[in-house]
Amino acid sequence: MHGDEEVAGRTAVRAGGAALVQADLGLTGPERTDSRITLTPGSALLLYTDGLVERTGQTMTEAIDLTAQLLTDHTRQSLPELLDAIMDQVPASGTGDDIALLALRIPATQPPPIQAASTEQ
């Protein structure tokens, strides 16, 4: 993302599996691309590590589909309840891999505009 681009209501999403810092570390990996999506008011976004979707006995696609369904089914819950529901219903990986989740929700309503206060007497 470039600093001079309009980004209100948008987020950049990185695709690929290599480390985000690959250029700094000199690692090689797939070429990265940027994509933009508009997150509408009330939308929830879930970021997670591979420990959530890599497990024995289930393909990664099946695990991602399950996670997406859980996100849809529990989207009206508070974010802590949403994360608990995902962790309660996702089968343990059995690989000892850790799981990290980060969820955010775009507010359903816009906050009132800030009005400047006057200190003139």
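The values are calculated or read from the model by the stated rules, or taken from the named source; none is laboratory data. Note that this is a predicted model, so its numbers are computed, not measured. Cβ coordinates were reconstructed from backbone atoms using ideal geometry, including for glycine residues, and neighbour counts include every protein chain displayed. Each accessible area value is taken on the protein alone, full model and side chains, heavy atoms only, with ligands, DNA and RNA left out. Shrake-Rupley method; radii C 1.70, N 1.55, O 1.52, S 1.80 Å.
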Rounded to the nearest 0.05, FRET efficiency between LEU79 and THR59 (Cβ-Cβ, R0 22 Å) equals 0.20
Per-residue accessible area, 1.4 Å probe, largest first, puts THR67, THR109 in the order THR109, THR67
